[in-house]
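Worksheet: one structure, shown below.
The values are calculated or read from the model by the stated rules, or taken from the named source; none is laboratory data. Everything numeric here is computed off the predicted structure, so don't read it as measured data. Cβ sites come from the backbone with ideal geometry, for glycine too, and all protein chains shown count toward neighbours. What goes into the accessible areas is simple: the full protein's heavy atoms, side chains included, and nothing from ligands, DNA or RNA. Shrake-Rupley method; radii C 1.70, N 1.55, O 1.52, S 1.80 Å.
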Amino acid sequence: MDHSGHGMTMDLPPFTLGRGLQWSADPFFLVACLVGLALYAWGVVRLRRRGDSWSVGRTVSFVVGVLSVMLVMCTGLNDYGMVMFSVHMVQHMVISMLSPILILLGAPVTLALRALPPAGRGRKGPRELLLALLHSRYMRIITHPAFTIPLFIASLYALYFTPLFDFLMGSKTGHIAMMVHFLAVGVVFFWPIIGVDPGPHRPGYLMRMLELFAGMPFHAFFGIALMMASEPMVETFKNPPASLGIEALADQNAAGGIAWAFSEIPSVLVLIALLFQWYGSEQRQARRKDRAADRDGDQELEAYNAYLASLNARGN
């Protein structure tokens, strides 16, 4: 693949799934993903050696989440995504709406807090710094719905419908920064909603569902706007290379369809996760109440037996 400043990919053959999935690694994302997987594996191994358990489901979710980032950033999809709006939209949707959910369901912060050793009295190590960050005002702001929902919406409209998108797509660094931004926005949006890891905002389950659905209609409208446009709206994708054999407006319409359809996937995934969490929470609460009722019952029985014993003693 011939890149000139990463802003233009020359003479790519027509897109097929086989070509899209060929290995073509972006060094930044490759290293970041491998480091993430290695740190997570270290945490799990450390817990196991200590005799503590860690959910296999969480591990699988985290690994699949990181692999989904590699799928869109370390294959031919990344090359075609530079010149095809539809392929770029697949990248965007996966990295901002699928990868964050899977990574968050892996509970990496909880794993880090359990695996990192305390630094000792009066000292600050990685565990203490992570706790300080979790309880900081900064974290309270960036995970608040009044911040996350507008950010989630603005990441679509303010980026694609202004010259900022073309500017970022003009360089390799800009493109990487944009993809990191998509991933980060997805993480801060879904973190308070999924609620596996500790965080400043922990609304009730009903409120979490409302937060989830607050952002999704705007996502669907964005997709519809692209589908219904009568001319190409983004400069970067106005003149696709002739070798691709595609027409810019048809490709944009396809991109809109992908954005519109994809808004359903995270909604369903998160909804299923929330319902399972809600059910688990209700079960734990019921068990606590049962234990409390058993204790109260035992105390009443002991009091009654003591009363009978005192009557017996008095009779004697």
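Within the bounds of segment 188-206, is there any residue that is at pLDDT 85 or above, outside any helix (DSSP H, G or I) and of a type in the set (A, V, I, L, M)?
No.
Would you point out the residue of segment 11-35, among those that are under 13 Å from Asn78 (Cβ atoms) and assigned to a loop (DSSP other than H, G, I, E, B), that is most open to solvent (accessible area, probe 1.4 Å)?
Once the filter is applied, the top-ranked residue is Gln22.
Restricting to segment 175-188, and then to whatever is touching a residue at least 60 places away in the same chain (Cβ under 8 Å) and either in contact with a Pro (Cβ under 7 Å, 6 or more places away or on another chain) or surrounded by fewer than 17 Cβ atoms within 10 Å (Cβ to Cβ) (or both), can you tell me which residue is farthest from Gln91 (Cα to Cα)?
Val187
Which count do you get for residues in segment 77-103 that are over 27 Å from Asp197 (Cβ atoms), assigned to a helix (DSSP H, G or I) and touching a residue at least 60 places away in the same chain (Cβ under 8 Å)? Don't jump to the end; show me each part of the working.
Within segment 77-103, the subset over 27 Å from Asp197 (Cβ atoms) is 77-90.
After this cut, where a residue has to be assigned to a helix (DSSP H, G or I) as well, the list is 77-80, 85-90.
This time we only want the ones that are touching a residue at least 60 places away in the same chain (Cβ under 8 Å), so: 79-80, 85-90.
Residues in segment 77-103 being over 27 Å from Asp197 (Cβ atoms), assigned to a helix (DSSP H, G or I) and touching a residue at least 60 places away in the same chain (Cβ under 8 Å): 8 in total.
Return the residues of segment 83-133 that are closer than 30 Å to Lys238 by Cβ and among the hydrophobic types (A, V, I, L, M, F, W, C); say none if nothing qualifies.
Answer for segment 83-133, where residues must be closer than 30 Å to Lys238 by Cβ and among the hydrophobic types (A, V, I, L, M, F, W, C): Val83, Met84, Phe85, Val87, Met89, Val90, Met93, Val94, Ile95, Met97, Leu98.
Restricting to segment 113-133, name every residue that is among the small types (Gly, Ala, Ser) and open to solvent by 50 Å² or more (accessible area, probe 1.4 Å).
Passing the criteria: Gly122, Ala132.
Please verify whether segment 40-51 includes one or more residues that are under 28 Å from Trp191 (Cα atoms) and β-branched (Val, Ile, Thr).
yes
Looking at Trp191 and the list (1) closer than 21 Å to Met227 by Cβ; (2) touching a residue at least 60 places away in the same chain (Cβ under 8 Å); (3) buried (at least 16 other Cβ atoms within 10 Å of the Cβ), which single condition is not satisfied?
Every listed condition holds for Trp191 apart from (1).
Taking segment 238-249 only, how many residues are buried (at least 17 other Cβ atoms within 10 Å of the Cβ) and either in contact with a strand residue (DSSP E or B) (Cβ under 6 Å, 6 or more places away or on another chain) or not in a helix (DSSP H, G or I) (or both)?
Residues flagged as buried (at least 17 other Cβ atoms within 10 Å of the Cβ) and either in contact with a strand residue (DSSP E or B) (Cβ under 6 Å, 6 or more places away or on another chain) or not in a helix (DSSP H, G or I) (or both) within segment 238-249 amount to 2.
Can you name the number of the only condition in (1) within 15 Å of Tyr160 (Cα to Cα); (2) in contact with a Gly (Cβ under 7 Å, 6 or more places away or on another chain) that Trp191 fails?
For Trp191, the exception is condition (1).
Matching residues to (1) crowded, with 20+ Cβ neighbours inside 10 Å; (2) touching an Asp or Glu at 6+ places or on another chain (Cβ under 7 Å); (3) modelled with pLDDT of 95 or more:
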residue	(1), (2), (3)
Ser68	no, no, yes
Met73	yes, yes, yes
Gly81	yes, no, no
Leu105	yes, no, no
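Contact list please: Cβ distance under 6 Å, first residue in segment 118-132 and in contact (Cβ under 8 Å) with a residue 40 or more places away in the chain and under 17 Å from Arg46 (Cβ atoms), second residue aliphatic (A, V, I, L, M) and outside any helix (DSSP H, G or I), pairs at least six apart or on different chains.
Every condition considered, no pair remains.
For every residue, the table says whether it meets (1) open to solvent by 80 Å² or more (accessible area, probe 1.4 Å); (2) among the β-branched types (Val, Ile, Thr); (3) without any contact (Cβ under 8 Å) to a residue 24 or more places away in the chain; (4) part of a helix (DSSP H, G or I).
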{"residue": "Ser230", "(1), (2), (3), (4)": "yes, no, yes, no"}
{"residue": "Thr236", "(1), (2), (3), (4)": "no, yes, no, yes"}
{"residue": "Asp251", "(1), (2), (3), (4)": "no, no, no, yes"}
{"residue": "Pro266", "(1), (2), (3), (4)": "no, no, no, yes"}
{"residue": "Trp278", "(1), (2), (3), (4)": "yes, no, no, yes"}
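For segment 137-174: of the residues being of a type in the set (Gly, Ala, Ser) and part of a helix (DSSP H, G or I), which is most open to solvent (accessible area, probe 1.4 Å)?
Applying the filter and picking the extreme gives Ala146.
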